[in-house]
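**Q** A single structure is presented below for examination.
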Amino acid sequence: MAITEIPRSIALIPDGNRRWARAHALSIFNGYSLGVKKFIDFTGWCKSYGITNIAVWAFSTENFSRDAREVRTLFRIYKRMATDRSILRKLHANRLRLRIAGNKSLLPKDLLEALHNVEEQTKHYKDRAVHMLLGYGGKDDILHAARSAALAADRGSAVSEGLFRKYLFTSAVPEIDFIIRTSGEQRLSGLLPWQTCYSELYFSKKLWPDFTERDLHAALSEYGRRQRRFGK
């Protein structure tokens, strides 16, 4: 089916890695590792459609309540991803900038250093970006901005929409046109409340490691059939 309109910015909740691993009698490490590889493929698919910004929810503030070994496993995978030369080559080949968004004070120093290195190596790419949400929670983001804006108001600044947005952990994330969540769950769980007021939603029954380029095509075809009115 032809796609009539392409979103400029999308947000992805790549859900279902643990369930996929259990269903295939694999470790959680293998499930998440495959999920990361699938996401790298996903960025290439998005480029072919002309999508310029991707926000991906990699680790939420609520995820810290999971088993400590699983948390360490995820952080180990993300650090390995940040030091994987083949992944870095793909980012350069796709002229894709990596940006980390979230409460960085919650994350291990060695992970932040590895990711910051990738940010530095890709910061000159201006046209396309991946915003990796790490240590991120929607309520936490709003509260942080509200506290910072209140302090600015005490110093005499007028609290405007622009000022408030400036203090978000996700200030660099643009307004989101389209949200995709996999695994059959039909909720946003606090994803980017500031940027998703008028986002179109799409829920796939596929577990994230099973998501294919054909599934993305189907999602974008559905997006093209939507009429976005923005309250008009």
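The values are calculated or read from the model by the stated rules, or taken from the named source; none is laboratory data. Fair warning: this is a prediction, and the values are worked out from it, not measured in the lab. Quick reminder, even Gly has a Cβ in these numbers, built from the backbone with ideal geometry, and neighbours come from all protein chains shown.
**Q** Name the one entry in Gly162, Gly50, Gly135 that is on the phi > 0 side of the Ramachandran plot and loosely packed, with under 14 Cβ neighbours inside 10 Å.
**A** Gly50
**Q** Another question about this same structure. Could you list all residues from the stretch 175-193 that are part of a loop (DSSP other than H, G, I, E, B) and surrounded by 19 or more Cβ atoms within 10 Å (Cβ to Cβ)?
**A** If the condition is that a residue be part of a loop (DSSP other than H, G, I, E, B) and surrounded by 19 or more Cβ atoms within 10 Å (Cβ to Cβ), then Ile176, Asp177, Thr182, Ser183, Leu191, Leu192 are the ones that fit.
**Q** Considering only residues that are without any contact (Cβ under 8 Å) to a residue 24 or more places away in the chain and either within 20 Å of Val173 (Cβ to Cβ) or of a type outside the set (Ser, Thr, Tyr) (or both), which ones fall in the stretch 42-71?
**A** Asn63, Arg66, Asp67, Ala68, Arg69, Val71
**Q** May I ask you to verify whether Leu151 is assigned to a helix (DSSP H, G or I), touching a Ser or Thr at 6+ places or on another chain (Cβ under 7 Å) and either among the polar types (S, T, N, Q) or farther than 19 Å from Lys104 by Cα (or both)?
**A** Considered against the rule, which asks whether it is assigned to a helix (DSSP H, G or I), touching a Ser or Thr at 6+ places or on another chain (Cβ under 7 Å) and either among the polar types (S, T, N, Q) or farther than 19 Å from Lys104 by Cα (or both), Leu151 comes out as no.
**Q** How many residues are under 26 Å from Arg128 (Cβ atoms) and touching a residue at least 12 places away in the same chain (Cβ under 8 Å) if we restrict to the stretch 17-38?
**A** 7
**Q** Which ones in the stretch 1-29 are over 14 Å from Lys206 (Cα atoms), surrounded by fewer than 17 Cβ atoms within 10 Å (Cβ to Cβ) and not charged (D, E, K, R)?
**A** Met1, Ala2, Ile3, Thr4, Ile6, His24, Ala25, Leu26, Ser27, Phe29
**Q** When the residues of the stretch 174-191 are filtered to those that are touching a Ser or Thr at 6+ places or on another chain (Cβ under 8 Å) and among the hydrophobic types (A, V, I, L, M, F, W, C), which remaining residue is nearest to Asp140 (Cα to Cα)?
**A** Of everything passing the filter in the stretch 174-191, Leu188 is nearest to Asp140 (Cα to Cα).
**Q** Quick one: which of Val71, Val56 is over 16 Å from the mean Cα position of the chain (by Cα), at pLDDT 95 or above, more than 14 Å from Pro209 (Cβ to Cβ) and outside any loop (DSSP other than H, G, I, E, B)?
**A** Val71
**Q** If you go through the stretch 84-104, how many residues are in a helix (DSSP H, G or I) and in contact (Cβ under 8 Å) with a residue 24 or more places away in the chain?
**A** 6
**Q** Considering each of Arg165, Arg226, Arg214, Arg181 in turn, give the residue that is charged (D, E, K, R) and modelled with pLDDT under 95.
**A** Checking each option against the conditions leaves just Arg226.
**Q** Among Val130, Val118, which is the only one that is touching a Phe, Trp or Tyr at 6+ places or on another chain (Cβ under 9 Å), of a type in the set (Val, Ile, Thr) and at pLDDT 95 or above?
**A** Val130
**Q** Would you point out which residue out of Ile10, Ile100 is touching a Phe, Trp or Tyr at 6+ places or on another chain (Cβ under 8 Å), aliphatic (A, V, I, L, M) and within 24 Å of Thr170 (Cβ to Cβ)?
**A** Among Ile10, Ile100, only Ile10 is touching a Phe, Trp or Tyr at 6+ places or on another chain (Cβ under 8 Å), aliphatic (A, V, I, L, M) and within 24 Å of Thr170 (Cβ to Cβ).
**Q** Can you name every residue in the stretch 207-232 that is in a loop (DSSP other than H, G, I, E, B) and surrounded by 16 or more Cβ atoms within 10 Å (Cβ to Cβ)?
**A** Leu207, Phe211
**Q** Okay, next question. What single numbered condition from (1) closer than 21 Å to Glu200 by Cα; (2) without any contact (Cβ under 8 Å) to a residue 60 or more places away in the chain; (3) of a type outside the set (Lys, Arg); (4) touching a Ser or Thr at 6+ places or on another chain (Cβ under 8 Å) fails to hold for Ile77?
**A** Against the list (1) closer than 21 Å to Glu200 by Cα; (2) without any contact (Cβ under 8 Å) to a residue 60 or more places away in the chain; (3) of a type outside the set (Lys, Arg); (4) touching a Ser or Thr at 6+ places or on another chain (Cβ under 8 Å), Ile77 comes up short only on (1).
**Q** Next question, about the same structure. Could you look through the stretch 133-162, keep only residues that are out of contact with any strand residue (DSSP E or B) (no Cβ under 7 Å at 6 or more places or on another chain) and hydroxyl-bearing (Ser, Thr, Tyr), and pick out the one that is modelled with the lowest pLDDT?
**A** Once the filter is applied, the top-ranked residue is Ser157.
**Q** Sort out which residues of the stretch 98-145 are among the small types (Gly, Ala, Ser) and within 21 Å of Ile176 (Cα to Cα), and write them in order of number.
**A** Result: Ala101, Gly102, Ala129, Gly135, Gly137, Gly138, Ala145.
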